[in-house]
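Notes follow the structure.
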Amino acid sequence: MTAGENSVQIKKSVPDLAPLEAVLFDVDGTLCDSDPLHYQVFREMLPQIGFNNGVPTDEEYFIKNIAGKHNPDIAVLLYPDDIPRGIKFMEDKEAMFRRLASEKLPPIKGLYKLTKWIDDRGLKRAAVTNAPKPNAELMISKLGLKDFFNVVILGSDCERAKPYPDPYLKALEVLKVSKDHTFVCEDSVSGIKAGVAAGMPVVGLTTRNPESVLMEANPTILIKDYEDPKLWEALEELDKRIGSSKTSA
């Protein structure tokens, strides 16, 4: 199955998931506003290796070619004829990112309101990320969410990383939940495609990526952050449907 193969499907809304079993989160740009740090590091390091003739890349290039991508794929982009060198560059880049992230890592607005909502309902949850393990552990720890997640699924632990559905399918398997009762939070085209291809509704965040770009990946709804009224309207409707099904039962 190719990435996004299931994207042409009847789009299920968040309230349609009742009773909800789990919520799956990407990390970079979804839990925290980390993309500016990644962009800063690439802006500093790419000219040093002569990429783009030494001219710093702009944010549009970063969004289109780098944001949300798996590191081995970025390594191929940077060093198509010398992959090991590309991998080493990415390791150095991630080390620099972690130094910056350890000093400042702002959560997405409203994040803790949503995590409390999830906690209050006893839902299962997983972090599903293409980030390297040290990055994922640092970000989750800095955000105080180490004990929040039941499991952290890494793209590198799967046969294929996002934009393929494998990491999200693995999360469903580990949590023992159904795709019909789970939704995904994502901020990149790659991640949204992965969630959609895994058969789940995706709440897309316009943290740094343009709305028009994200819509191409077919999210169920797009929100600015976790305080967006569109999200809470959907969650309130979900609660109502769960309450109705319990009453009728």
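The values are calculated or read from the model by the stated rules, or taken from the named source; none is laboratory data. This is a predicted model, so every value here is computed, not measured. All Cβ positions, even for glycine, are placed from backbone atoms using ideal geometry, and neighbour counts span all protein chains on display. We work out accessible area using only protein heavy atoms, side chains counted, and drop any ligands, DNA or RNA first. Shrake-Rupley method; radii C 1.70, N 1.55, O 1.52, S 1.80 Å.
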Computed about the Cα centre, the charge dipole of region 106-199 from +1 Lys/Arg and -1 Asp/Glu charges at the Cβ has a magnitude in debye, to the nearest 20, of 200 debye
In a Gaussian network model of the chain with springs linking alpha carbons closer than 10 Å, the residue among Glu44, Glu137, Glu103 that fluctuates most is Glu103
Given Cβ charges of +1 for Lys and Arg and -1 for Asp and Glu, the option among Phe97, Thr115, Ser141 whose Cα lies farthest towards the positive end of the dipole of region 77-191 is Thr115
Highest GNM mean-square fluctuation among Ile108, Ile87, Ile49, for the chain with Cα springs under 10 Å, belongs to Ile49
The summed charge of the Asp119 Cβ neighbourhood (under 13 Å; Lys/Arg +1, Asp/Glu -1) stands at +3
Across the alpha-carbon set of region 71-136, Rg over Rh with Rh taken as the Kirkwood radius works out to 1.15
Output for region 130-249 (equivalent-ellipsoid semi-axes, sqrt of 5λ from the C-alpha gyration tensor, Å, descending) is 24, 19, 16
The chain accessible area per residue, 1.4 Å probe, protein heavy atoms, integer Å², reads 47 Å²
Taking Lys and Arg as +1 and Asp and Glu as -1, residues besides Phe51 with C-beta under 14 Å from its C-beta add up to -2
Note on the chain, DSSP bridge orientation, antiparallel percent to nearest 5 equals 5 percent
Among the Cα-Cα pairs of the chain, the proportion with separation greater than 33 Å, in percent, is 17 percent
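In region 134-189, which trypsin sites (Lys or Arg not before Pro) fall in coil by DSSP and have 15 or fewer other Cβ atoms within 10 Å?
Those that pass, being in a loop and sparsely packed, are Lys146, Arg160, Lys176.
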Per GNM of the chain with C-alpha springs under 10 angstrom, the most fluctuating residue out of Arg43, Arg125, Arg99 is Arg99
Kirkwood Rh over alpha-carbon pairs of region 107-184 plugged into Stokes-Einstein at 4 °C, 1.567 mPa s gives a D in µm²/s of 98 µm²/s
Computed over region 62-104, the distribution of all Cα-Cα distances in 5 Å bins, rounded to whole %, is 6, 24, 24, 24, 15, 5, 1, 0
Counting all Cα-Cα pairs in region 1-126, those more than 23 Å apart amount in percent to 49 percent
As straight-line cross-link partners of Lys193, the qualifying lysines (C-alpha separation under 16 Å, not fewer than 8 residues apart within one chain) are Lys11, Lys12, Lys64, Lys69, Lys162, Lys170, Lys179
Of the convex hull drawn through the C-alpha atoms of region 57-193, the volume per residue in Å³ is 124 Å³
Taking protein heavy atoms only, a 1.4 Å probe, and rounding to whole percent, the accessible area of the chain owed to carbon and sulfur comes out at 50 percent
So, with points 7 Å from each Cα along the Cβ direction, the Asn65-Glu233 label distance in nm works out to 3.9 nm
